[in-house]
Structures are given as structure tokens and as C-alpha cells.
1. Do you know which residues across region 7-16 are without any contact (Cβ under 8 Å) to a residue 24 or more places away in the chain and open to solvent by 70 Å² or more (accessible area, probe 1.4 Å)?
2. LYS22 is checked against (1) under 29 Å from LEU3 (Cβ atoms); (2) open to solvent by less than 70 Å² (accessible area, probe 1.4 Å) and fails just one. What number does that condition carry?
Amino acid sequence: MFLTRIGWGIIYFLDLIYEIIKATIDVAFRRVMGGNINPIVVDIETVLERPVSQTILANSISLTPGTLSVDLDSENNIIKVAAISPRKKEDIIPFEPYIKKMLE
């Protein structure tokens with residue numbers, strides 16, 4: 001069980017690095033250079049129950065360029081996210097399943 005959680009943690013970390021690189025390219029070239037900026041604030045409902053899992057997800061969102069976690073409502077499992085342009089929920093929190101398998 002412990003080794004499985006470590007494995008999911010490694011996968012989460014690698015996916016986070018991949019998403020940061022992908023978002024950096026998107027923000028730098030498509031959004032800023034192309035002038036395609038349309039800021040939006042959205043409420044993202046998460047399936048994560050534990051506050052530590054929600055905090056890691058919120059910090060991961062803030063680490064990814066073009067998104068910022070503004071507020072975390074642990075009781076209702078909602079993260080308020082500011083994004084540089086409208087995106088689908090899956091594009092804002094692609095690493096949620098890895099955090100769930102790692103910590104819940």
C-alpha cells in the first residue's frame with residue numbers, strides 16, 4: 001500500500017512538471033504573444049475530501065502558469081481559480097486523480 005502511494009506520488013510529480021512546461025509554452029506563445037487573453041474566475045468542484053489533498057491541488061494549480069488558486073472552500077470541496085483564458089475543468093486540474101490515489 002505504501003509503495004503504491006509512492007508510485008502515484010512519482011506519477012503526480014512527473015505529470016505536474018509536464019503540465020507546467022505545457023502551460024508555460026501555451027501562456028508565453030499562444031496567449032501573450034498572440035494577445036489571446038480573456039481572464040476568468042471559475043469555481044472548480046473537486047472530488048478530494050481531505051484538506052491536505054485539496055491544498056496540494058490548489059498549490060499545483062498556482063504553480064501552473066496561467067492559473068491561480070484564489071480561494072479554497074474545504075467544507076464544500078470547491079476551489080476558486082483565476083485563469084488567463086477560459087478552460088475546461090480537466091485542463092485546469094489534470095492531476096486530481098493522481099492526488100486522490102496518492103493521499104486519499
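1. ILE10, PHE13, LEU14
2. Every condition holds for LYS22 apart from (2).
The values are calculated or read from the model by the stated rules, or taken from the named source; none is laboratory data. Computed from a prediction, not measured in an experiment: that's the story for all the values here. Methodologically, a virtual Cβ is constructed for each residue, glycine included, from the backbone with ideal geometry; neighbour enumeration extends over all protein chains shown. To get the accessible areas, we keep the full protein, side chains included, count just its heavy atoms, and leave off ligands, DNA and RNA. Shrake-Rupley method; radii C 1.70, N 1.55, O 1.52, S 1.80 Å.
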